[in-house]
Amino acid sequence: MAKSVALLTLALFAAGCGKTPSQKLSALSEEFVYGALAFSPSAATAAGLHQYQKQNLDEMLDDFGAQSLARQRTFYEKFGDRLADLKTGELTPEDRADLTILQDQIALNLLDLTEIHSHLHNPQLYVETLGNALFAPYVLEYAPQPERIRHIIARLKNVPLFLDQASTNLVSAPDVWTRVAIEENQGNIGIVDKEIRAGVPPDQAENYTRAARPALEAMSKFDKFLRSSLSTRNTYDWRLGRTLYAKKFQYSLEIGIEPENVLQQAERDLTAVRARMLALALPLHREAFPSHKDHGDLAGAELENAVIGEVLGKIADRHAAAESYMDDARKSLDEARAFVQEKRLLTLPPRANLQVIPTPEFMRGSYPVGGFNAAPALEPQLGAFYWVTPIPPAWPKERAESKLREYNFYKLKLLTIHEAMPGHYVQMEIANDVQPKARRLLRSIFGNGAYIEGWAQYATQVMLDEGFLNHAPELALTFAKEELRVLANAILDVRLQMLNIPDQEALDLMEKQTFQEVEEATAKLQRAKLTSAQLPMYYVGWRAWIKAREEYKLAKGSAFSLADFNDRALKEGAVPIPVLGSLLK
């Protein structure tokens, strides 16, 4: 395997001579994917790349040492130069979409390596990298279990050096990053000491214990470093600021619109959506609260808050128990799949490889509600995972109730549609069949986030438009609330990162203007401080998907088919969202 991949890389490099610009780009694209993945063995395992240039990546951990970071910088700089030599005028529209992805991925990596310096300030980078490196071989059946356990053992042996490197690199961090890293590091300890240990075959238990002991000691040592050392060096600002945020925004979203313009559009749309919600809520309010007389003494935002808030509160009363939350998510998945098939909204992927599992503990800081983890792009037959973050038994009753009310009967169904069916799971499964291979790998591993998040929002809208749950008005109002949340995501990210709004203003936006429960708003504020230029993807992507469909519908006229549009758009993979419509012509 190692020899074949090394020979492939040499062949790709040699193929540059005498080839067309399209052929050169394809070879460069595949070389970039393998080369970039090789810098991160944890990501390589998750993507299905196990050996590269005579190295067994499954036994290695990522290297954040100075020499490795310098090699990465040189790799991206030189790759950018090689792309610049291409005759772009001779590229096809599909090629140009791939070229944009490559250029923006290079720019993003260089931005981090030369200006943001995550390795110096973000302890989560190390904790989540380590967690993924240990968890992926445990759950992805890319090899027989004994072999995968050997890979985990090999990685455990590297943990002390990896975390010593982290402690050496980290010079300062904001309190919120350190706090979440502490929580997620405890999740890593639990995975090593309990979850993986419980699944180790008896004949490997002794070897596992020998490797796990120093690894766990290193994790405990790192915990002390985070609590007693890094926590005192808390002057670093989690905000990127106007200049760096604008750069990351452009490279990440690839939409060609300044963040200030997105902010203005989102604030205008928020007003319009609230007005639409009032119209949806009034009939439900009359039925549920006949004595209130629709709050006729109020007007404007006060009327909207009273009527919509009371109806949403009533809807939230219907929710799962903490103990049944995961099972309800699984039932929602079956229900959504049956509806997609009944209505023939699109062609479902042939593989049945989706599992619903609890969100790994080391990822719950970034995924407090849930998420989706796609099947490896190089091994798409392996497992894909719909993560659902359970309610911790130790939570106070009020906190658990707040989350359960937010993710009530209707909202849990919307979450499942978004993350799994026909949202992220379907989109990424179809993307894993894009041809040619170089294009598939590039668009699956480094695809456009606005396309990905936009599809999940658009797919949810399609489900409701086509009559999911018999056009239940409660579901429609809950989805309108989700639309408000999408708008709040964009507003929140831009205002926090560029305009330095205080926490209370952010919480007021979520709780008072977009009707989010306290637990949801608090978790979202934390997420906004942990990430940047990700939360606006839902809004700009959703708008772009609707625009692409309307343009396609206009061009097709009476021959338009919703399923045909969905299928064709999904078969493109995650292209930069502004070019989606043009590729369907």
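The values are calculated or read from the model by the stated rules, or taken from the named source; none is laboratory data. Every value quoted in this text rests on a predicted model; they were computed, and no experiment measured them. Heads up, the Cβs are rebuilt from the backbone with ideal geometry, glycines too, and the neighbour counts pull from every protein chain shown.
Scanning segment 266-310 for residues that are closer than 29 Å to residue 494 by Cα and free of Cβ contacts under 8 Å to residues at least 24 places away in the same chain yields a total of 6.
Under 23 Å from residue 402 (Cβ atoms) and in a helix (DSSP H, G or I): does that describe residue 287? So residue 287 fails the test.
Residues in segment 448-470 that are in a loop (DSSP other than H, G, I, E, B) and surrounded by 24 or more Cβ atoms within 10 Å (Cβ to Cβ): 448 only.
Can you tell me which residue in segment 311-361 is surrounded by the fewest Cβ atoms within 10 Å (Cβ to Cβ), limited to those that are free of Cβ contacts under 8 Å to residues at least 12 places away in the same chain and either aliphatic (A, V, I, L, M) or at positive phi (or both)? Per the stated criteria, the residue is 352. Here residue 84 meets the list (1) in contact with a Ser or Thr (Cβ under 7 Å, 6 or more places away or on another chain); (2) under 26 Å from residue 580 (Cβ atoms); (3) without any contact (Cβ under 8 Å) to a residue 12 or more places away in the chain almost entirely, failing just condition (1).
Each row is one residue, and each column tells you yes or no for (1) more than 22 Å from residue 147 (Cβ to Cβ); (2) among the charged types (D, E, K, R).
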site: 201; (1), (2): no, no
site: 206; (1), (2): no, yes
site: 210; (1), (2): no, yes
site: 217; (1), (2): yes, yes
site: 221; (1), (2): yes, yes
site: 226; (1), (2): yes, no
site: 231; (1), (2): yes, no
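When the criteria are applied in full, residue 171 meets the requirement of being aliphatic (A, V, I, L, M) and over 27 Å from the mean Cα position of the chain (by Cα). Checked against (1) of a type in the set (A, V, I, L, M); (2) more than 26 Å from the chain's Cα centre (by Cα); (3) under 20 Å from residue 245 (Cα atoms), residue 106 passes all but condition (2).
Among the residues making up segment 191-213, those that are part of a helix (DSSP H, G or I) and exposed (fewer than 12 other Cβ atoms within 10 Å of the Cβ) are 194, 198, 202, 203, 206. Set side by side, the residues 270, 244, 303, 253 differ, and just one is surrounded by 14 or more Cβ atoms within 10 Å (Cβ to Cβ), farther than 30 Å from residue 98 by Cβ and within 31 Å of the chain's Cα centre (by Cα), which is 270.
Checking each residue in segment 42-92 for being outside any helix (DSSP H, G or I) and among the polar types (S, T, N, Q) picks out 51, 53, 55, 56, 92.
Could you list, in sequence order, the residues of segment 392-417 that are aromatic (Phe, Trp, Tyr) and farther than 14 Å from residue 515 by Cα?
Taking segment 392-417 and keeping what is aromatic (Phe, Trp, Tyr), we get 395, 407, 409-410.
395, 409, 410, listed by residue number.
Every residue in segment 79-134 that is within 30 Å of residue 236 (Cβ to Cβ) and of a type in the set (S, T, N, Q), please. Hits for segment 79-134 are 103, 105, 109, 114, 118, 122, 124, 129, 132. For residue 36, the conditions (1) at pLDDT below 95; (2) within 26 Å of residue 122 (Cα to Cα) are fulfilled apart from (1).
Residues in segment 322-362 that are assigned to a helix (DSSP H, G or I) and in contact with a Gly (Cβ under 6 Å, 6 or more places away or on another chain): 361, 362. Just one of the listed residues (270, 240) is over 29 Å from residue 110 (Cβ atoms), of a type in the set (A, V, I, L, M, F, W, C) and either in the same structural domain as residue 535 (by TED's automatic domain parsing) or touching a Ser or Thr at 6+ places or on another chain (Cβ under 8 Å) (or both), and it is 270.
Residues that are surrounded by 23 or more Cβ atoms within 10 Å (Cβ to Cβ) number at least 3 in the following helices (runs of 4 or more DSSP H) confined to segment 105-185: 123-139, 145-169. Per the conditions (1) surrounded by fewer than 16 Cβ atoms within 10 Å (Cβ to Cβ); (2) of a type in the set (Val, Ile, Thr); (3) under 27 Å from residue 134 (Cβ atoms), the sole criterion not satisfied by residue 92 is (3).
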